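One structure is given here, and the rest of the page talks about it.
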Amino acid sequence: MKNVQEANPIEKPTGITRTTLAYNDEAMLCHFAMKKGSQIPLHNHRATQIGYVIKGNLRFIGGSSDKEFEVKTGDSYVFSKHVTHGCIVLEDSECIEVFVPVRDEYKDF
């Protein structure tokens, strides 16, 4: 377990900073700080992803325009495993995300 100020932040891609806070064999908790105009490219993964927007405004994109939606401060969202998605940061934002199962590539502490 880590406090967000004590953990090891990783910026990837540019403008997106992920901090892995805690995980076990089943689930992972991460904090994301994102700068306006940055983007997470389309991708998918084997983990279900559940998020909560602490502050800001994000547009999630998918393989087609009917898969797009926006979230803002106080909103939550979920992506089932293997669902293609990406993100465009509309204003400086922060969110917390849980991944089940853990994403091995995020085990950096």
So how many residues does segment 63-109 have that are at pLDDT below 95, of a type in the set (Gly, Ala, Ser) and out of contact with any Ser or Thr (no Cβ under 6 Å at 6 or more places or on another chain)? 2
Somewhere in segment 92-104, is a residue touching a strand residue (DSSP E or B) at 6+ places or on another chain (Cβ under 6 Å), within 19 Å of Asn3 (Cα to Cα), part of a strand (DSSP E or B) and acidic (Asp, Glu)? yes
Only residues in segment 61-79 that are without any contact (Cβ under 8 Å) to a residue 12 or more places away in the chain count as the first member; pair them with residues that are surrounded by 11 or more Cβ atoms within 10 Å (Cβ to Cβ), Cβ under 7 angstrom, at least 6 apart or cross-chain, and list the lot. Glu68/Arg59; Glu68/Phe60; Glu68/Ile61; Glu68/Gly62; Phe69/Phe60
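The values are calculated or read from the model by the stated rules, or taken from the named source; none is laboratory data. Fair warning: this is a prediction, and the values are worked out from it, not measured in the lab. A quick note on method: Cβ atoms are made from the backbone with ideal geometry, for glycine too, and the neighbour counts reach across all protein chains shown.
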